[in-house]
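Worksheet: the structure to be examined is printed underneath.
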Amino acid sequence: MSGLFLDITGLRIETVPDPRHERPAAPILRGVDLRLDRGQVVGLIGESGAGKSTLGLAALGYVRRGLRFASGEVRLEGTNVLAGDQAALRALRGQKVAYVAQSAAAAFNPAQRLLSQIVEVTRIHRHMDTKEAARQAVELFGRMGLPDPERFGTRYPHEVSGGQLQRAMTAMALAGRPDLIVFDEPTTALDVTTQIDVLAIIKEVIRDFGTAAIYITHDLGVVAQVADRIKVMRFGAEVEEQETAALLSSPRETYTRELLDVRKTGGAARAHDSGDVVNLTGINAAYGTQEVLFDVSVGLKRGSNLAIVGESGSGKSTLARVLVGLLPPTRGRMAFRGKPLHHRLDARSAEERKEIQLIYQLPDVALNPRQSVGEIIGRPAEVFCGMSRAAGLARARELLALVELDPGLATRYPNQLSGGQKQRICIARALAAEPEVIICDEVTSALDPLVADGIIALLLRLQRDLGVSYIFITHDMAMVRSIADDVAVMQNGRIVEQGPKPSIFAPPWDDYTHLLISSTPEMRTGWLEEVLAERRMEAAGN
């Protein structure tokens, strides 16, 4: 079945005015149009705060708290969903339309097992009994490449990796076989090898079921593989919209060209001290009785950047938790500035806690929703630098400007910020302690290319000025090429290859390293199909 399914015209969304604080309504979307046929995919790209997620949610007849529909229409199969009541909207969501959120960790109920949450959606909207819904969920787990599909659903959200949780959420959206799916950064938390499989499944579902989709992303390589058209947004308005191939080859607007150019740039090598500021030797670690790290040895040179890469669940973030003292290793040694570093955070000195900071992968769960931005950033300055509360808040405003945010955001709370803004708040909080080592766990995964490029430039400038050293945990091989001095490749809790960046990226490659490099999406249409065809040929040859 084909034909127009979604028709958004003149949509304006604004903040709810607050007379108590003399705060008038402010525009978020400024008269945006979007048309989508069945079986088509439109990609939304643009910087953080451009209105991409707001537009995607509006297709479900939803606005976040503090916002309101000001004017315009959202029509699904000719029916204006904004004119319906809440009961009609509830019946629509999950059956006709579905949403895959950017942060699966914040979207799942931590007190319920994964299978029960997915079964609930299917049972309510597709009128299945529990047994049939569970069978279908297990089938989807398998199609999404999740480990041990029969038992995966018995786990709680905190018992799986971020990438696995994101795939589980995609499975939950697909379970109801909706007519429209809004994908809000669905592969942000996925490693490059898993991302290919998920993108292939998304395209397969859209093709097989005639599903329309809105694909929100900051990764131009990804959107090139799934979208028929791309709409570029900025400041709540459309910059331009073209067929995907045309936009990638001949962008009309300067802003679009800047987005494309950022993806193509790389970084130059930096000089650094040859001595290790951090050294880990023979590290093993476990969650309960389950061993997850095996004989890991790695060092970080002063003033340098070490990139730790690998698939979701390979042990990258676990290694970071070991280093900061949140997960004591079962064996091995750690050293900081040549001196033994205690395995437990609570046994380390205040100076040691100050000098090693961690920027978390998921800002939604890393920021206290009851604290203002100023309190979140100012607290480390008070604890580690001896500042008063007033001085800490003043320092927070300085750091907000440093990470290219309005210092006025200090009075806001996390739920009033975009995903990219929240990630920058996490960066500012780490900088507040004035550390020597910062562990960056997927720090640019939620950011659009221009903002991510600015954040990396900021971190590198601080490195030049302050001599800070970074450990970048990432699955973004393009970023590794840009920022890394040394690279450690992890698989199944072990380091399979490590060394200076030029030796890692130059052939001959380790088989697994080659898989990671070859799985990084290229900014052209048809790349995904080429990679899948090559893998089918390799599998047939084996």
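Just so you know, in the range 492-523 the residues that are closer than 16 Å to Q195 by Cα and in contact (Cβ under 8 Å) with a residue 40 or more places away in the chain include one that is farthest from the chain's Cα centre (by Cα), and it is L515.
Considering the range 292-383, the qualifying helices (runs of 4 or more DSSP H), each wholly inside and each with 1 or more residues that are closer than 30 Å to N109 by Cα, run over 316-324, 363-366. Can you confirm whether the range 446-457 contains a residue that is farther than 22 Å from E47 by Cβ and out of contact with any helix residue (DSSP H, G or I) (no Cβ under 8 Å at 6 or more places or on another chain)? Within the range 446-457, not a single residue is farther than 22 Å from E47 by Cβ and out of contact with any helix residue (DSSP H, G or I) (no Cβ under 8 Å at 6 or more places or on another chain). Summed over the range 165-184, residues that are open to solvent by 10 Å² or more (accessible area, probe 1.4 Å) and under 23 Å from E529 (Cβ atoms) total 2. Regarding R397, is this residue among the basic types (K, R) and surrounded by fewer than 16 Cβ atoms within 10 Å (Cβ to Cβ)? Answer is no for this residue.
Taking the criterion of being in contact with a Ser or Thr (Cβ under 8 Å, 6 or more places away or on another chain) and either of a type in the set (S, T, N, Q) or over 25 Å from S116 (Cα atoms) (or both), the residues of the range 165-198 that qualify are Q166, T187, T188, D191, V192, T193, T194, Q195, I196. Under 9 Å by Cβ, and 6 or more places apart or on different chains, what pairs join a residue from the range 132-145 that is on the phi > 0 side of the Ramachandran plot with one that is β-branched (V, I, T) and open to solvent by less than 20 Å² (accessible area, probe 1.4 Å)? Within 9 Å, the pairs are G145/T194; G145/V198; G145/I201.
From A506, A533, A540, grab the single residue that is among the small types (G, A, S), out of contact with any Lys or Arg (no Cβ under 7 Å at 6 or more places or on another chain) and open to solvent by 70 Å² or more (accessible area, probe 1.4 Å).
Matching residue, one of A506, A533, A540: A540.
Reported count of residues in the range 48-86, each being free of Cβ contacts under 8 Å to residues at least 40 places away in the same chain, open to solvent by 60 Å² or more (accessible area, probe 1.4 Å) and hydrophobic (A, V, I, L, M, F, W, C), is 1.
For the structure I just gave you, tell me whether L459 is free of Cβ contacts under 8 Å to residues at least 40 places away in the same chain and touching a Phe, Trp or Tyr at 6+ places or on another chain (Cβ under 8 Å).
Details: free of Cβ contacts under 8 Å to residues at least 40 places away in the same chain: yes; touching a Phe, Trp or Tyr at 6+ places or on another chain (Cβ under 8 Å): yes.
For L459, the condition - free of Cβ contacts under 8 Å to residues at least 40 places away in the same chain and touching a Phe, Trp or Tyr at 6+ places or on another chain (Cβ under 8 Å) - is met.
The values are calculated or read from the model by the stated rules, or taken from the named source; none is laboratory data. Fair warning: this is a prediction, and the values are worked out from it, not measured in the lab. Quick reminder, even Gly has a Cβ in these numbers, built from the backbone with ideal geometry, and neighbours come from all protein chains shown. Accessible surface areas use protein heavy atoms only, side chains included; no ligands, DNA or RNA. Shrake-Rupley method; radii C 1.70, N 1.55, O 1.52, S 1.80 Å.
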